[in-house]
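Quick notes on the structure that follows.
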Amino acid sequence: MPTGSSPPGNSVKPSELRFRSEVRPEDADTVRRLARATRFFSAPEVAVAVELVEERRLKGTASGYEFVFAEGGNRVIAYTCFGPIPCTQGSYDLYWIVVDPACQGQGIGRALLERSELLMHGQGGRCVYIETSARAQYASTQAFYRRCGYHQAALLDDFYAPGDGKMIFRKVLESLPSGAPDEL
């Protein structure tokens, strides 16, 4: 999740957010808009983000993809996509966390991540894995994960491309309160 500062007038307090996990037809365009707005993701990466929304709409929970959308004002300003890792006991991947650049730096990413972690824990999740690029461009993303209690579990050099390694972050969820958050 890239970070940035918010222009005046786009301030949304985490306490004012509305969360939902239902995926709606318009969410494919919303995910496309948010992912592009960050300027961190390539066109193929944006296409994958949209594909996961469509997969969830077509297959429901059988897709293995869960979403949480954060709404502020009258629009979606952030989202996560996560799911259980097949053939594991309680391990989850956080595939995407994206916050509108105009709303970054206000605690929205943290609130959204915490909400997602509670849902994972409520579904039997015991730990979460997050992958991100090791490029300098992602330093703010890596710092965000660390501030949210994640620790680097691995570094795979030259994974995405020469000079672009994959960092894997991990967080144990056992200390979270059990149960899903109220009314998503």
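The values are calculated or read from the model by the stated rules, or taken from the named source; none is laboratory data. All figures in this text were calculated on a predicted structure; none of them were measured in a lab. A quick note on method: Cβ atoms are made from the backbone with ideal geometry, for glycine too, and the neighbour counts reach across all protein chains shown.
Only one of the numbered conditions (1) free of Cβ contacts under 8 Å to residues at least 40 places away in the same chain; (2) surrounded by fewer than 13 Cβ atoms within 10 Å (Cβ to Cβ); (3) not aromatic (Phe, Trp, Tyr) is violated by Met167, and that is (2). For segment 106-156, the candidate set comprises residues that are touching a Phe, Trp or Tyr at 6+ places or on another chain (Cβ under 8 Å), among the aromatic types (Phe, Trp, Tyr) and not in a strand (DSSP E or B); within that set, the residue that is nearest to Ser11 (Cα to Cα) is Tyr145. Of the residues that make up segment 150-164, is at least one out of contact with any His (no Cβ under 9 Å at 6 or more places or on another chain), modelled with pLDDT of 95 or more and either buried (at least 17 other Cβ atoms within 10 Å of the Cβ) or closer than 19 Å to Gly72 by Cβ (or both)? Yes, segment 150-164 has at least one match. The residues listed here are Arg110, Arg115, Arg39; of these, the one that is out of contact with any Lys or Arg (no Cβ under 7 Å at 6 or more places or on another chain), under 18 Å from Phe144 (Cα atoms) and at pLDDT below 95 is Arg39. Scanning segment 111-137 for residues that are within 18 Å of Ala154 (Cα to Cα), surrounded by fewer than 22 Cβ atoms within 10 Å (Cβ to Cβ), touching a strand residue (DSSP E or B) at 6+ places or on another chain (Cβ under 8 Å) and aliphatic (A, V, I, L, M) yields a single hit, Ala134.
If only residues of segment 86-110 that are surrounded by fewer than 19 Cβ atoms within 10 Å (Cβ to Cβ) and among the hydrophobic types (A, V, I, L, M, F, W, C) are counted, the one that is nearest to Ser133 (Cα to Cα) is Ala102.
Given the criteria within 14 Å of the chain's Cα centre (by Cα) and assigned to a strand (DSSP E or B), does Val31 qualify? Judged against the criteria, Val31 is not a match.
Suppose we keep only residues that are under 15 Å from Ile85 (Cα atoms) and β-branched (Val, Ile, Thr) within segment 115-137. Which one would you say is farthest from the chain's Cα centre (by Cα)? In this case the residue turns out to be Val128.
The residues of segment 1-31 that are at pLDDT 95 or above and among the aliphatic types (A, V, I, L, M), listed by number, are Val23, Ala28, Val31.
Based on this model, can you work out whether Ala49 counts as at pLDDT 95 or above, over 18 Å from Gly122 (Cα atoms), within 15 Å of the chain's Cα centre (by Cα) and in a strand (DSSP E or B)? The answer is no for Ala49.
Lys59 satisfies every condition listed in (1) touching a helix residue (DSSP H, G or I) at 6+ places or on another chain (Cβ under 7 Å); (2) without any contact (Cβ under 8 Å) to a residue 12 or more places away in the chain except (1). Per this entry, Glu131 is counted among residues that are among the charged types (D, E, K, R) and without any contact (Cβ under 8 Å) to a residue 40 or more places away in the chain.
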